[in-house]
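Below: one structure, written as structure tokens.
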Amino acid sequence: MKTVKKPAEKKKAAAKKAVAKKAPAKKKVAAKKAVAKKAPAKKKGVAKKVVVDFYDDNQFGSMQVVELKSGYQKVIPINFLGGICQENEFIYLNDDKIGISYNMDISDMYGSPFGEGEDDYAKVLSIFEDTFLKLKNYFSNKFEIVYFTYDGEYTANMWSFDGENLKNASGWIGDLCDGCEEDSEKDAFVDKNYPLLKSGSPTFELLDNLRSMLVKV
């Protein structure tokens, strides 16, 4: 069985729980190679800023932004609302717009307003996804958002709204590879794609395969 090892981050190491307490990763998860050793992705294979409603300003930085109609506050849990109204780089609500990061890795959320550790961050991510379903009657515009999560495996997530229907898809990044049959090929695809997704530059291949998996929710 292969074990996923996430890159150590000096600033967060002291705050994290002992690795021994974490549940083992799923068998299909690739062992991560050091990102520093990887060659940069070819420019033609990267879809930069593909989201329909994308903002790059001082308010939301490089977050993906969804505009909301009035009345949306009533479907957002009050404790969650308090957290997302504080400026942060993961989920930020301001001026009837909600900014959503490409990177929802709970191991990167230390210092955010969402708790003290990864158990808290995992709960917040679950609340976010449940709340996003409840917001579907309050979306003002069409959009497509994508983001990375890690919960035992390296996962890509997509939400799409066509003005009427909200759709969702998620899956292990290794399964989003065209023509990958061997585990080594899937592992290499994961190694290439997860940092690109986290940084906001998902590849067309990953996006197209996520779109093919979308289901109405």
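Computed from the coordinates by the stated procedures, all read-outs in this text should not be read as laboratory data. None of these values were measured; they are calculated from a predicted model. Using ideal geometry, Cβ is built from the backbone for each residue, glycine included, and neighbour counts are taken over all protein chains shown.
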Within segment 169-217, which residues are small (Gly, Ala, Ser) and within 16 Å of Val146 (Cβ to Cβ)? Ala169, Ser170, Gly171, Ser199, Gly200, Ser201, Ser212
Would you mention how many residues in segment 67-87 are touching a Ser or Thr at 6+ places or on another chain (Cβ under 9 Å), surrounded by fewer than 17 Cβ atoms within 10 Å (Cβ to Cβ) and part of a loop (DSSP other than H, G, I, E, B)? 3
Need the failing condition index for Asp105 against (1) surrounded by fewer than 21 Cβ atoms within 10 Å (Cβ to Cβ); (2) in contact with a helix residue (DSSP H, G or I) (Cβ under 9 Å, 6 or more places away or on another chain), just the number. (1)
